[in-house]
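Student: Once you've had a glance at the structure underneath, I'll fire off some questions.
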Amino acid sequence: MALLPRFTKDPADAAAALRAEALVALPTETVYGLGGLASSPTAVARIFQVKRRPTTHPVIVHIADDSAIEHWARDIPPTARLLAEAFWPGPLTIVVPRAPHVSEALTGGQSTVALRAPSHPLFRAVLAKLTTSELPAPGIAAPSANRFGRVSPTTANHVADELENYLDPDDLIVDGGDCAIGIESTIVICRDHDVVVARAGGITIEALATVVTVETQSGGDAEPRVPGSLASHYSPNAQVAMVTNGAEFARVQSALALNPDVGVICLANDIHVVPTSWIRLAVPGTVDQYAQQLYTALRDADRRGLTHVIALAPPADGVGVAIRDRLRRASARMF
Ligand code: TXA
Ligand code: MG
């Protein structure tokens, strides 16, 4: 039997493993990432191998703060600086032109690099331990710590469930508890005068718009690849249906009337319409709690062997936009 990767809570341990080019799963405020030293081709190659992620899909480079942008990017658009100043550290990823030394492996062959400064104290402590005179602006390449196309992990145990068979004994899982936000960062492509939202997430479009001009239609051939934007992504084994109105709910309810293995996720305000036979996977009181509990609920559905998950969508504004986006992708296989 393979030796399992070790759990730790010690940032010095994690920094040492990263320096030795091992992989370290790390907590962020959004979801857990599978981290490797961004400047190590060996570590970056292993990230793709462990995730079974196609090499054309770029990864986010996590940095300590906006002073490190210069090291990783060039021709930095003013919008990038404004957003970093307003929302870092936090759940916002900026896509900017890459510096010449940034490897094609990180960027999927694109001319841009995705940068984010996470706010989780343990992640920040690891970056601080990595910072030396030889490595003044360390970057940790970290996609979500799930296998490609699956639900992102929001606890250290989720990471172990996803990846323990694929990690090495020298790799580590840093246990930083439950992720506070629970869904991935907002990704914006920064241009000189405006930004394009490539993935809705923890920072709302309303919040972005207080700082920069937000172009909601991304366009044309120049559109970068974002694997989260594949139709079927964030999927559990159970079939997921997102319901946004009464007519859809009635249709789903009659289709599943005889099925005993149905789980439901909905706001506490909506629970009164849900049949008592459906298993309550999560009944969050607020939209933020909906985001925080969503991926655990989807994993829970699989653990219980449910065939279907019915998710009553939250309102389509604020963080609700990102929740609906993830539910739409998770449900792409159903109807
Ligand atoms: O919250 C998050 O963003 C988490 C935590 C760990 O930071 N990370 C995450 O990584 O969700 P991942 O790899 O699962 O999703 C990152 C997304 C991908 O869809 C990828 O295509 C996109 O970022 N991306 C990376 N580099 C890009 C680039 N140069 N241009 C456009 N999209 C890029
Ligand atoms: Mg992911």
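Student: For the chain, I need the span (max minus min coordinate) of the C-alpha atoms along each principal axis, in Å, sorted largest to smallest.
Tutor: Extents along the principal axes, in whole Å: 64, 54, 32.
Student: Around A137, with a cut-off of 10 angstrom between Cβ atoms, what is the net charge of the other residues, counting Lys and Arg +1 and Asp and Glu -1?
Tutor: Working: positive: none; negative: D65, E70.
Around A137, the charge tally is -2.
Student: Counting helices only, and only those DSSP H runs with n ≥ 4, report the 222 nm mean residue ellipticity of the chain as the sum of -39,500 (n - 2.57) divided by its residues, in deg cm²/dmol to the nearest 500. Present the calculation step by step, with values, prior to reporting the outcome.
Tutor: Details: 11 runs with 98 residues, N = 335.
It comes out at -8000 deg cm²/dmol, rounded to the nearest 500.
Student: Report, by chain and number, residues whose modeled amide H sits under 5 Å from the one on G33, excluding near sequence neighbours (fewer than 5 apart, same chain).
Tutor: Those lying under 5 Å, H to H, from G33 are L26, T28, A145.
Student: Would you work out the relative contact order for the chain, in percent, from Cα pairs under 8 angstrom that are 6 or more residues apart? Kindly include the intermediate steps, with their values, before the conclusion.
Tutor: Values: 751 pairs, mean separation 68.2, N = 335.
Reported relative contact order: 20 percent.
Student: The range 56-143: which GluC sites (Glu not before Pro) are DSSP loop and have at most 10 other beta-carbon atoms within 10 angstrom? All intermediate terms of the calculation are to be shown ahead of the outcome.
Tutor: Details: sites: E70, E85, E104, E134; in loops: E134.
Filter output for the range 56-143: E134.
Student: Ok, one more. Please list, by residue number, everything in the range 240-262 whose backbone N is under 14 Å from a paramagnetic label point 7 Å out along Cα→Cβ of T307.
Tutor: 240, 253-262
Student: Measuring from a point 7 Å past the Cα of L135 along Cα-to-C-beta, which residues in the range 103-119 have an amide N at less than 20 Å?
Tutor: It comes to 103-107, 114-119, nothing else.
Student: If we count every other residue with Cβ under 14 angstrom of A20's Cβ, Lys/Arg +1 and Asp/Glu -1, where does the sum land? Walk me through the intermediate numbers first.
Tutor: On the way: positive: R6, R19, R46, K129; negative: D13, E21, D168, D170, D171.
After counting each charged neighbour, the total is -1.
Student: As a footprinting exposure proxy, order V240, V126 by other Cβ within 10 Å, with the fewest listed first. Please report the intermediate quantities before stating the final value.
Tutor: Working: V240 24, V126 30.
Listing V240, V126 from fewest to most nearby Cβ atoms yields V240, V126.
Student: Give me the net charge for the shell around K9: Cβ to Cβ below 15 angstrom, other residues only, Lys and Arg +1, Asp and Glu -1.
Tutor: Details: positive: R6, R124, K129; negative: D10, D13, D175, D178.
Taking every other residue near K9 into account, the sum is -1.
Student: Measure out, as a whole number of angstrom, how far apart the alpha-carbon centroids of the range 260-335 and the range 1-58 sit.
Tutor: Distance between centres, Cα-based: 30 Å.
Student: Dipole size in debye (nearest 20) for the chain around its Cα centre, Lys and Arg Cβ +1, Asp and Glu Cβ -1? Intermediate values should be presented prior to the final figure.
Tutor: Values: 28 positive and 34 negative charges, 151 e Å.
Once rounded to the nearest 20, the dipole reads 720 debye.
Student: While we're looking at this one, here's another question. Using only C-alpha positions, report the orientation-averaged shadow area of the convex hull of the range 61-163, nm², one decimal.
Tutor: Values: hull surface 29.1 nm².
Directional mean of the projected Cα hull area for the range 61-163 stands at 7.3 nm².
Values quoted throughout were computed directly from the atomic coordinates according to the rules given, and no laboratory measurement underlies them. Since we're looking at a predicted model, the values are computed, not measured. Positions of Cβ are generated from backbone atoms using ideal geometry, with glycine treated the same way; all protein chains shown enter the neighbour counts.
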